[in-house]
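Read the figures in this text as sums done on the coordinates, not as results from a lab. Computed from a predicted structure; not experimentally measured. Methodologically, a virtual Cβ is constructed for each residue, glycine included, from the backbone with ideal geometry; neighbour enumeration extends over all protein chains shown.
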Amino acid sequence: MTREPAQTTPPSLARLPRHVAIIMDGNGRWARTRNLPRPMGHREGVKAVRRAVVACRERGIEVLTLFAFSSENWRRPKTEVSLLIELFVHTIRKEIDELHRNRVKVRFIGDRGAFDAKMQTLMAEAEQLTAQNAGLTLVIAVNYGGRWDIAHAARALAARVQAGVLDVESIDCDTLGQSLSLADLPEPDLFIRTGGEQRISNYLLWQLAYTELYFTDLLWPDFDDAAFAEALESFARRQRRFGRTGDQVEQSRRA
Ligand code: IPE
Ligand code: IPE
Ligand code: MG
């Protein structure tokens, strides 16, 4: 009996996450420790975003989802909210051509209704320009909340029931899941939160059900390639069981 040739993929690469979702936290504290105003921390944070995109592209990670502005961040002082939105617009304008050149497909998730027409157009144009790209999918969560996502999906299903195209009895985890943001992408394999807090802060609540969680005290502007590599190594060492026993997982890996 001939056996299949041994897998040529190095083990480290075989355990690379397909989808990494990040809460980029700690910009304000990064600035404060340097006696700088908080906006400087956010500006420095953009550099770390660029590094993370390159790190994912170079490693062949398929999807990177970044939390840029949460539905709760409106509670910050008006000046900080405006600055964050201006920085977001400025960064998209400045980076979109290079992202496109590098075959990055850009997408936004979150409730866009809160933004003005100009910003909504900018987002739609960035998505249209890069829609056919086959490289990294970069998902940016703006005015996003995990609870909003689930409520929005529930509403979409209710509308289909009301229109007579969906049976109440056929609604299950799959139907609800298919109505959520990111439904067409692989589920996040690895979640990273910088800044030392160990919480989800209303990020991808449903989608993180079986994601490996990784927390680091590093502040987001300090999150460099070495730090990213460390997170990937931590991920590679974990055994994902999805409810099964460790022995079962080992057996199916060997089969
Ligand atoms: C994350 O950094 C950026 C956003 C929430 C937009 P923070 O601004 O939350 O930084 P800290 O947590 O105050 O240090
Ligand atoms: C989460 O960070 C949101 C983003 C990074 C965009 P926050 O700094 O807003 O989170 P909390 O409020 O401390 O949990
Ligand atoms: Mg914070």
Name every residue in region 201-221 that is within 16 Å of ligand 3 (Cβ to nearest atom) and in contact with a helix residue (DSSP H, G or I) (Cβ under 7 Å, 6 or more places away or on another chain), in order of residue number. Asn202, Tyr203, Thr216, Leu218, Leu219, Trp220, Pro221
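Rundown of residues vs (1) of a type in the set (A, V, I, L, M); (2) in contact with a helix residue (DSSP H, G or I) (Cβ under 6 Å, 6 or more places away or on another chain); (3) surrounded by fewer than 17 Cβ atoms within 10 Å (Cβ to Cβ); (4) on the phi > 0 side of the Ramachandran plot, yes/no style:
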position: Thr79; (1), (2), (3), (4): no, no, yes, no
position: Ile85; (1), (2), (3), (4): yes, no, no, no
position: Glu95; (1), (2), (3), (4): no, no, no, no
position: Val106; (1), (2), (3), (4): yes, yes, no, no
position: Arg112; (1), (2), (3), (4): no, yes, yes, no
position: Asp116; (1), (2), (3), (4): no, no, yes, no
position: Ala124; (1), (2), (3), (4): yes, no, yes, no
Please indicate, with yes or no, whether at least one residue in region 156-164 is surrounded by 19 or more Cβ atoms within 10 Å (Cβ to Cβ) and not hydroxyl-bearing (Ser, Thr, Tyr). no
Quick check: anything in region 191-203 in contact (Cβ under 8 Å) with a residue 40 or more places away in the chain and among the charged types (D, E, K, R)? yes
Just one of the numbered conditions (1) free of Cβ contacts under 8 Å to residues at least 12 places away in the same chain; (2) surrounded by fewer than 13 Cβ atoms within 10 Å (Cβ to Cβ); (3) assigned to a loop (DSSP other than H, G, I, E, B) is not true of Asp217; which one? (1)
Of all residues in region 190-201 being more than 8 Å from ligand 2 (Cβ to nearest atom) and either part of a loop (DSSP other than H, G, I, E, B) or among the aromatic types (Phe, Trp, Tyr) (or both), which is farthest from Asp25 (Cα to Cα)? Phe191
From (1) within 16 Å of ligand 3 (Cβ to nearest atom); (2) within 22 Å of Trp74 (Cβ to Cβ); (3) not hydrophobic (A, V, I, L, M, F, W, C), pick out the condition that doesn't hold for Gly196. (2)
Name the residue that is farthest from Gly177 (Cα to Cα), counting only residues in region 199-210 that are surrounded by fewer than 19 Cβ atoms within 10 Å (Cβ to Cβ) and more than 16 Å from ligand 1 (Cβ to nearest atom). Tyr210
Read through the list (1) within 16 Å of ligand 1 (Cβ to nearest atom); (2) in contact with an Asp or Glu (Cβ under 8 Å, 6 or more places away or on another chain), then give the number of the only condition that Arg240 fails. (1)
In region 25-46, anything within 26 Å of Ala236 (Cα to Cα) and either under 15 Å from the mean Cα position of the chain (by Cα) or away from ligand 1 (no atom under 11 Å from the Cβ) (or both) is listed as Asp25
With the structure loaded, tell me whether Gln248 is within 30 Å of Ala31 (Cα to Cα) and exposed (fewer than 15 other Cβ atoms within 10 Å of the Cβ) or whether it fails that test. no
Could you run through region 62-111 and say how many residues are in a helix (DSSP H, G or I) and either within 13 Å of Gly145 (Cβ to Cβ) or polar (S, T, N, Q) (or both)? 6
Residues Arg240, Arg254: which one is free of Cβ contacts under 8 Å to residues at least 24 places away in the same chain and either of a type outside the set (S, T, N, Q) or surrounded by 14 or more Cβ atoms within 10 Å (Cβ to Cβ) (or both)? Arg254
Just checking, which of Arg93, Arg43, Arg29 is more than 16 Å from ligand 2 (Cβ to nearest atom), more than 25 Å from Glu187 (Cα to Cα) and touching a residue at least 24 places away in the same chain (Cβ under 8 Å)? Arg93
Of all residues making up region 174-188, the number that are surrounded by 21 or more Cβ atoms within 10 Å (Cβ to Cβ) and more than 16 Å from ligand 2 (Cβ to nearest atom): 1
